[in-house]
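The values are calculated or read from the model by the stated rules, or taken from the named source; none is laboratory data. Note that the structure is a prediction, hence the values are computed from the model and not measured. Here the Cβ positions follow ideal geometry from the backbone for every residue, glycine too, while neighbour counts run over all protein chains shown.
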Amino acid sequence: MNRITNAICHRLSPLLFRRINSRIIKNFTINENEIRYLKMDLLYSTNDILNNLRYKDETWNQIKYIGDYMWNDLFKWKCLKQTNKEHFIDNNCENTKVIVDNEHIQCKSCGKKNDWIYLNFTKTINVPYLIEFDAKILSKTTEFQFAFNYHSIGKRYRYNLVNNRILSFEVVYGGFFHSEIISVPFSLNLNRFYNFKILVTDNIFSFFVDDIVILSVNQKFPIIERGQLVFILWDSNTSNINAIYKNIQIYKIQPSE
């Protein structure tokens, strides 16, 4: 791609963002109906999940060169794509931050800039389902995030606890981060385990803490359909990530009236 084409694409990018973002924002509303469901079969036990977790961090090419990946999601024409082959290698990351012991996942890292812990459950899950886990955060991080309908770093839905102040439903799609589409004030006490549940159906996504619905979102039409799951911890500056997950299970559910 030559410099003139690159410059034109950069000028088009804000216009394309506004167009895509407007469509996505209009697609989601707060779901104020009572959430009822029947917990059915256990799809994946804690051991199943721990044995199928893929560890990545900020040394992963999809994070190091996330701009290239997002660019290629935005511009579909081959002549406009970023083509540095080294940037698109799915490289392994040495695990220096996560310990799995006795069905616990201990995530810890400090003193870094742009510090990521990225734990991808690699099985595609059919909806409707419920993922349930216990977790505690021992220090505030920029993002305590749960991604679902995950296809890639540039294509996912997510519930995101930002700076332990706001819980936000967000979409990463079409080359852009569509942040805080719907958000509510929310925070967790440090050093305490909470029970989390995320319910995923065809058109409703609900986030529970200790069996209380914190945020539930309805979508009018699917933008991203079924996919994988990712637990993400991210600190932007001088990191102090410290969190524990346990008792992770995924159930098939049946929504009920």
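Side notes on the structure shown:
- Taken as a whole, region 60-71 holds no residue that is assigned to a helix (DSSP H, G or I), crowded, with 18+ Cβ neighbours inside 10 Å, under 18 Å from the mean Cα position of the chain (by Cα) and among the β-branched types (Val, Ile, Thr).
- Any hit, region 235-248, residues being at pLDDT 95 or above, surrounded by fewer than 16 Cβ atoms within 10 Å (Cβ to Cβ), of a type in the set (S, T, N, Q) and touching an Asp or Glu at 6+ places or on another chain (Cβ under 9 Å): yes
- All conditions but one from (1) in contact with a strand residue (DSSP E or B) (Cβ under 6 Å, 6 or more places away or on another chain); (2) part of a loop (DSSP other than H, G, I, E, B) apply to Phe221; the one that does not is (1).
- Failed item in (1) assigned to a strand (DSSP E or B); (2) among the polar types (S, T, N, Q); (3) more than 16 Å from the chain's Cα centre (by Cα), with Ser179 passing the rest: (3)
- Hey, Ala147 in a strand (DSSP E or B), modelled with pLDDT of 95 or more, within 24 Å of Gln62 (Cα to Cα) and not polar (S, T, N, Q) or not: yes
- Subset of region 173-194 [surrounded by fewer than 14 Cβ atoms within 10 Å (Cβ to Cβ) and of a type in the set (S, T, N, Q)]: Ser187, Asn189, Asn191
- Hits in region 46-71 - residues which are closer than 16 Å to Arg156 by Cβ and touching a Ser or Thr at 6+ places or on another chain (Cβ under 9 Å): Arg54, Gln62, Tyr69
- Test: residue in region 202-216 that is part of a loop (DSSP other than H, G, I, E, B), in contact with a Ser or Thr (Cβ under 8 Å, 6 or more places away or on another chain) and without any contact (Cβ under 8 Å) to a residue 40 or more places away in the chain: no
- Identity of the residue in region 1-47, in a loop (DSSP other than H, G, I, E, B) and among the polar types (S, T, N, Q), that ends up surrounded by the most Cβ atoms within 10 Å (Cβ to Cβ): Asn31
- Which listed residue, of Tyr150, Tyr129, Tyr157, is touching a Gly at 6+ places or on another chain (Cβ under 7 Å), in contact (Cβ under 8 Å) with a residue 40 or more places away in the chain and crowded, with 18+ Cβ neighbours inside 10 Å: Tyr150
- Residue in region 202-223 that is over 15 Å from the mean Cα position of the chain (by Cα), closer than 22 Å to Asp115 by Cβ, at pLDDT 95 or above and crowded, with 16+ Cβ neighbours inside 10 Å present: no
- Residue list for region 94-125, filter: buried (at least 18 other Cβ atoms within 10 Å of the Cβ) and either in contact with a helix residue (DSSP H, G or I) (Cβ under 9 Å, 6 or more places away or on another chain) or without any contact (Cβ under 8 Å) to a residue 12 or more places away in the chain (or both): Ile105, Trp116, Tyr118, Phe121
- Residue under evaluation Val230, criteria (1) in a strand (DSSP E or B); (2) under 15 Å from the mean Cα position of the chain (by Cα); (3) surrounded by fewer than 19 Cβ atoms within 10 Å (Cβ to Cβ), criterion not met: (3)
- Among residues of region 63-87 that are farther than 13 Å from Leu16 by Cβ, those with a Cβ under 7 angstrom from a residue that is of a type in the set (Phe, Trp, Tyr), sequence gap 6+ or separate chain, pair up as Ile63/Trp116; Lys81/Phe75; Gln82/Trp71; His87/Tyr65.
- Which numbered condition Gly111 fails, given (1) closer than 20 Å to Tyr173 by Cα; (2) modelled with pLDDT of 90 or more: (1)
- Lone unmet requirement of (1) in contact with a Cys (Cβ under 8 Å, 6 or more places away or on another chain); (2) surrounded by 18 or more Cβ atoms within 10 Å (Cβ to Cβ) for Leu80: (2)
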